[in-house]
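Enquirer: This is the structure I want to talk about, given as structure tokens.
Derivation of every value follows stated rules applied to the coordinates shown; laboratory data play no part. Note that the structure is a prediction, hence the values are computed from the model and not measured. Virtual Cβ from ideal backbone geometry, glycine too; neighbours counted across all protein chains shown.
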Amino acid sequence: MSDLAIYDKYQHLLFERRGNGILWITINRPEHFNATDKVLHWELSKVWLEVGEDPLTRVAVITGAGRAFSAGGDFGMIDEQHNNFRRVSEIAKEAADVVYNIIDCPKPVISAINGVAVGAGLATALMADISIMAHEARITDGHTRLGVAAGDHAVILWPLLTSMAKAKYYLMTCDFIDGVEAERIGLVSRSVPLADLEATAMEVATKLATGAQSAIRWTKRSLNLWLKQSTPAFEASLAYEMLGFFSDDCREGLDALQEKRDPDYPSARD
């Protein structure tokens, strides 16, 4: 039996052991810019449970195949959520698990952000303990552009990493940020040229994988108490996001994205 057999159930994630206890995870829907469909969304919420229990893994690195890290929610998945209480309830649980399971994973998680990251993909990228972003990559939270409140990770993480002023600006406008600016405002740990991204991620992963394991894990656990103190804000933001999937603005936001046009939100009409 392969030593990766515990990951056999994952369809859109690839796994590779790179020595020194480093597990390399690749989001693998490159033909769709690694957008999160129902399967991938579930996988990104659950994989950290396996990583935490994997005796051969000391550090996990996650990146995207092709030109994107993960380009947000698959349009088909979002369309199914609109005005669908059952599906919204399922997504709410998974969105919470993306955040909580990375926080609670005892092993360090590194993200190597190689291209565009939006939505659940961005939550995974930024919730990682160390985030390394290519200069050329671009990220946006994207929720208000869709017509729903910023939920997922954003309300607890962005003000802590940057400032309340920057968080409000970027979460309400959905302006894109490249790797250089993301590092400048403190949103990511490091930014390097795309050509150096994989080597840099491996260098950092090796440093952690060969370090004092209990000390590193307990440091992660202690620092993440800052995030756990923000649980009420996170739960509120997630509830507001899910409420938005029952709105006309969300319907218009999704239609505009699919039709590649500017949205005309019903709530903003005279």
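Enquirer: DSSP loop trypsin sites (Lys or Arg not before Pro) in region 1-45 with at most 15 other Cβ atoms within 10 Å of their Cβ, which ones?
Expert: Working: sites: 9, 17, 18, 38; in loops: 9, 18.
The qualifying sites are 9, 18.
Enquirer: On to the next question. Sort region 117-242 into rounded, prolate or oblate with this rule: let a ≥ b ≥ c be the square roots of the eigenvalues of the Cα gyration tensor; rounded if a/c is under 1.5, and if a/c is not under 1.5, prolate when a/b is larger than b/c, oblate otherwise.
Expert: Note, shape of region 117-242 comes out oblate.
Enquirer: In nm, to one decimal, how far is the residue 85 label point from the residue 194 one, both placed 7 Å along Cα→Cβ?
Expert: 4.6
Enquirer: Also, quick follow-up: Please give the net charge around residue 59, taking every other residue with its beta carbon less than 14 angstrom from that of residue 59, where Lys and Arg add +1 and Asp and Glu add -1. Display every interim value, and only then the final one.
Expert: Details: positive: 17, 18, 58, 107, 207, 217, 220; negative: 16, 54, 129, 203.
Here the charged neighbours net out to +3.
Enquirer: Now for a separate question. Lysine pairs, Cα distance under 16 Å, 8 or more residues apart or cross-chain: how many in the chain?
Expert: Taking the chain as the scope, the lysine pair count is 10.
Enquirer: Taking square-rooted eigenvalues a ≥ b ≥ c of the alpha carbon gyration tensor, is region 68-143 rounded, prolate or oblate, where a/c under 1.5 means rounded and, failing that, a/b exceeding b/c means prolate?
Expert: Oblate, because a/c is 1.5 or more while a/b does not exceed b/c.
Enquirer: Using Cα atoms only, what is the angle between the long axis of helix 194-209 and the major principal axis of the chain, expressed in degrees (0 to 90) to the nearest 10?
Expert: Tilt of helix 194-209: around 50 degrees.
Enquirer: Classify region 126-167 from the C-alpha gyration tensor, please: rounded if a/c falls under 1.5, else prolate or oblate depending on whether a/b exceeds b/c. Numbers along the way, then the final one.
Expert: Details: a/c = 1.79, a/b = 1.28, b/c = 1.40.
It is oblate, given that a/c is not under 1.5 and a/b is not larger than b/c.
Enquirer: Now for a different question. Counting pairs of alpha carbon atoms under 8 Å apart in space and at least six apart in sequence, what relative contact order in percent does region 5-268 give?
Expert: 19
Enquirer: Starting from 0.36 nm per residue, how many nanometres of slack lie between residue 165 and residue 236 once their C-alpha separation is accounted for?
Expert: Values: separation 71, 0.36 × 71 = 25.56 nm, distance 1.97 nm.
Taking residue 165 through residue 236 to full extension adds about 23.6 nm, to one decimal.
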